[in-house]
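Here the structure comes first, spelled out in structure tokens, and everything after it is commentary.
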Amino acid sequence: MPSQLASLKQWVDDVARLTQPDQVHWCDGSDAENAKLVELMLANGDLHKLNEQSHPNCYLHRSSPQDVARVEHLTFVCTTNPADAGPNNHWMEPAEAHAQMDALYAGCMRGRTMYVVPYCMGPIDSPLSRCGVEITDSPYVVANMRIMTRMGAAAQARIEREGKFVKGLHSIGELDPNRRFIMHFPEELSIQSFGSGYGGNALLGKKCHALRIASYQARTEGWLAEHMLIVGIENPKGETHYVAAAFPSACGKTNLAMLIPPEGYRRDGWKVWTVGDDICWMHPGADGRLYAINPEAGYFGVAPGTSEKTNANAMAMLNHDAIFTNVGVTADGQPWWEGMTTGTPAQDWQGRPYDKAVSPAAHPNARFTVSARQCPSYTDKAEDPQGVPLSAIIFGGRRASLVPLVLEARDWTHGVLVGASMASETTAAATGAVGVVRRDSMAMKPFAGYNFGDYFAHWLSFDKPGAQLPKIFQVNWFRKDADGKFMWPGFGDNLRVLEWVLKRATGQAGALETPVGNVPKPSDLNTDGLGLDAAVLEQLLAVDREGYKAEMASIGEYLEEFGDRTPHALKAERAKIAAQLA
Ligand code: GTP
Ligand code: SPV
Ligand code: MN
């Protein structure tokens, strides 16, 4: 139903005048509305029905082959002062960006329906949640937003009560990579996206709102919007501790968030609870602890590599009511991707007969979209308006060498340096080269809506009298041996590392102190039943002093990139460690 809120009505009218749609549809989020959209998309080829017996209510979407990932080179943060966006972002002057976007939007929805999608990021009744409205001409985007956010009438009602919302305008345009931009105007709380239908470029509640705009808002309001999973670890005593972990795109958040404990741990009574798999909003509570909510309501997860062996919880949630984007299909219409242990692909992600020599069955960044509630390990705590208190924060990345399996920061300042210094190999989640090591502070390089120097200072500011901050750690599941094989088994066995992390956070485990942080001695980790070679474990936990001398020099250069905005305390912390290594 059209809104009575004047500012919302006015904006929708203005956008319709600019884009000239045939019709305007206000989304209520109902089942009936979704059924109509699915019918429309089956008819126009946006969706293909998958096998109803094995996968009821599941659909395949094949995107344009030129539109399969985020486009960081076309993503801009448009602040009045370029220094506020920082060297970590592409910047465009706001008036110029608006002129370019207006030219692209002019008449772009002729012959199309314009959907008005009110959404709430976070539980509808949480004071920590924030709302937005996305206008889009893509029914695929509407169907995804319905799964990924609290979308429809309830969100609209909250927006009308609050009178405040983030404005997101999206058109797929012609899906032409040369006419594509993802623009952010943090000072106006608005987003404008054109020319892509892919997740992070088009589902504006996700990276554009919940990270780029929200991180900017969070800085002025005293909280943090982060690219982190949130997971609860219940020990055999029945105590649950919550952990938030930042890993760059396609570096293991979804998998860690829904981890299945190894056999021995299960027998002893360990349980893992999923709160969120990609985004975490953290606010200091009255008791000084940090409380986290997952602003999303679904998972937009990487399909390749997901299997009964690596992530059985994900496999279980993908049997019904899911959208698959750019996966392969079997002859009987079941979704298929690399890493699956059963089935044979008949067609690849572009709908061609599968030929291993031509293309993998699934695009390396093929994705599934599914409601969070379908995950067997999902917990009601994810719906708690207060959020969950955090006991630890973990930073991690893909590092074939140098970075040990796990390392504990000495204090908050050191932890912020560890996060700021993160580096990781690039993945297929963004277009461009894969496997190149780059700095990716807090896994937020593509997502921070403002200057990283200011962002580091904001992180440091949480360390104040009365704060009961989580302990900070770093992990690396991706060390490789001389043959290029992963040295650590990963997945479920990562719980062995989380056990040490939580025992350290509560003062119950040993460690070896080194200049770069505290690492477990081999005997501090539970390796029962793992069958890991002692020499390999020793290598995984070793701190390579020579390697770290070079790393610290490189981190020093990196911190200089943000000039005066890099906090002095961070530079001093780095210098102290470099001196200890020398
Ligand atoms: P985004 O959704 O892009 O933010 O990615 P993510 O961080 O949620 O990554 P995800 O959990 O989807 O994992 C990405 C890829 O890494 C998948 O192919 C996984 O199978 C693989 N992976 C995840 N965890 C591990 C691990 O512990 N070890 C190894 N070797 N691979 C892993
Ligand atoms: C990521 O790239 O980090 C993702 C997928 O989680 S996207 O929604 O495209 O950002
Ligand atoms: Mn992500």
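Each reported figure results from applying straightforward, stated rules to the coordinates on display, with no laboratory input. These numbers come from a predicted model, not from an experiment. No Cβ is skipped: glycine too gets one built from the backbone with ideal geometry, and neighbour counts run over all protein chains shown.
Of note:
- Centre separation in Å (Cα based) which lies between region 361-416 and region 242-319: 6 Å
- Projected label distance in nm at Lys576 and Ala153, using a 7 Å step from Cα toward the beta-carbon: 5.7 nm
- Local net charge near Ile230, Cβ-Cβ under 13 Å (Lys/Arg +1, Asp/Glu -1): -4
- Pairs of Cα atoms nearer than 8 Å and 6+ residues apart set the relative contact order; for region 299-374 it is 41 percent.
- Close amide H contacts of Thr514 (hydrogens built in the peptide plane, cut-off under 5 Å, sequence separation of 5 or more or a different chain): Val519.
- Here Ile135, Ile394 are placed in order of increasing Cβ neighbour count within 10 Å, fewest first, which gives Ile135, Ile394.
- Amide H contacts under 5 Å for Arg130: Met121, restricted to partners 5 or more places along the chain or on a different chain, H placed in the peptide plane at 1.01 Å from N.
- Straight-distance candidates among the aspartates and glutamates for linking to Lys503, with alpha-carbon spacing under 18 Å and chain neighbours fewer than 8 residues away dropped: Glu234, Glu239, Asp268, Glu408, Asp411, Asp493, Glu513, Asp524, Asp528.
- Nearest-ten-degree value, helix 568-581 long axis tilted from longest Cα axis of the chain: 40 degrees
- The angle separating the long axis of helix 6-19 from the principal Cα axis of greatest extent in the chain is about 70 degrees.
- Angle in degrees between helix 94-105 and the longest Cα principal axis of the chain, rounded to the nearest 10: 50 degrees
- Antiparallel DSSP beta bridges within the chain, percent to nearest 5: 65 percent
- Amide H within-cut-off set for Ile394, under 5 Å, with H built and near neighbours excluded: Ala244, Ala245, Ala246, Phe473
- Full extension of the chain segment joining Ala286 with Asp355 gains 19.0 nm, where the gain is 0.36 nm per residue of separation less the Cα-Cα distance.
- Only lysines eight or more places from Lys464 in sequence, or on another chain, were considered; those with a Cα closer than 21 Å are Lys571.
- Mean separation of Cα contacts under 8 Å (6+ apart) over length of region 124-189, as relative contact order %: 44 percent
- Across the chain, the relative contact order, built from alpha-carbon pairs under 8 Å that are at least six residues apart, equals 15 percent.
- Shown for Arg373, Arg439: other C-beta atoms within 10 Å of each C-beta, ranked fewest to most, produce the order Arg373, Arg439.
- FRET efficiency for Val436 and Asp481, using Cβ-Cβ distance with R0 set to 35 Å, rounded to 0.05: 0.95
- Region 62-188: antiparallel DSSP beta bridges as a percent of all, rounded to 5: 45 percent
- Given R0 = 45 Å, the distance between the Cβ atoms of Asp544 and Lys309 translates into a calculated FRET efficiency of 0.90.
- Likely footprinting exposure, Asp268, Asp278, fewest C-beta neighbours within 10 Å first: Asp268, Asp278
- Max-minus-min Cα coordinates of region 299-374 on each principal axis give 37, 22, 21 Å, with the largest extent listed first.
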